[in-house]
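The values are calculated or read from the model by the stated rules, or taken from the named source; none is laboratory data. Everything numeric in this text was worked out from a predicted model, so none of it was measured. Neighbour counts are summed over all protein chains in view; Cβ atoms, including those assigned to glycine, are modelled from backbone coordinates with ideal geometry.
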Amino acid sequence: MIKLVSDTISKTSSRASQVVKELTKLAKKEHNTEKVKINLSQNINSIVSVYKYKLDNALITINIPENAEILAIESKMHHLWKSMIMMACNNYNKEQDDKQLSFEYSVNAQYSSVRFKFNGPQIEKFIIDNAQNIGRSEDAAGLNLNLRIVRKITEDISGIFEIDSAPQNNIFTVKIPHSIS
């Protein structure tokens, strides 16, 4: 029993240390509005490590090559990934115990694309349609607000945001142009 408690304390302490380290890195970059080369894998992994506690033992897969880079404002990209993770957290049923999320990467001549997938319930069409209207504030809570944040950040970087939602298969694709204006 004492060993179990000791192991739990050790794991919790290690996890807390990792979160503090990532939060410190994020805080240092928060006020920097300069476009820099961003390593997508590191950028996404830092946000996942901070918010992993909200995902209750979810299976998280990040298939982003270590050399994938974009030119953007790093804090905006952190907000983008955070909002995507929060969309999933807000959309999962409380009793759902098979939570899965993934980040996938692809590239073509114009864009670097990140597909964020999670297996929550289908998002209602009116919520997706309402996310298209960024300026409106009614019904802007939870999932809807995070959709709006993702859409706004994607527009700020001249990117494209696509949503495909079906039961247990929600896919959000962010296409980031190679030359961000």
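What to note about this one:
- Any hit, the stretch 103-110, residues being among the small types (Gly, Ala, Ser), at pLDDT 80 or above, closer than 22 Å to residue 157 by Cβ and out of contact with any strand residue (DSSP E or B) (no Cβ under 8 Å at 6 or more places or on another chain): yes
- The residue pairs whose first member lies in the stretch 147-166 and is without any contact (Cβ under 8 Å) to a residue 60 or more places away in the chain and basic (Lys, Arg), whose second member is surrounded by 17 or more Cβ atoms within 10 Å (Cβ to Cβ) and part of a strand (DSSP E or B), and whose beta carbons are closer than 7 Å, counting only pairs six or more residues apart or on different chains, are 151/161.
- Meets criteria (among the basic types (Lys, Arg) and either part of a loop (DSSP other than H, G, I, E, B) or at pLDDT 90 or above (or both)) for residue 82: yes
- Residues of the stretch 89-102 that are touching a Ser or Thr at 6+ places or on another chain (Cβ under 8 Å) and closer than 21 Å to residue 145 by Cβ: 101 alone.
- Lone unmet requirement of (1) in contact with a Ser or Thr (Cβ under 8 Å, 6 or more places away or on another chain); (2) modelled with pLDDT of 90 or more; (3) exposed (fewer than 15 other Cβ atoms within 10 Å of the Cβ) for residue 60: (3)
- Identity of the residue in the stretch 126-180, small (Gly, Ala, Ser), at pLDDT below 80 and in a loop (DSSP other than H, G, I, E, B), that ends up surrounded by the most Cβ atoms within 10 Å (Cβ to Cβ): 140
- Qualifying residue in the stretch 21-44 (condition: of a type in the set (Gly, Ala, Ser) and modelled with pLDDT of 85 or more): yes
- With respect to being buried (at least 20 other Cβ atoms within 10 Å of the Cβ) and at pLDDT below 90, residue 123 fits the description.
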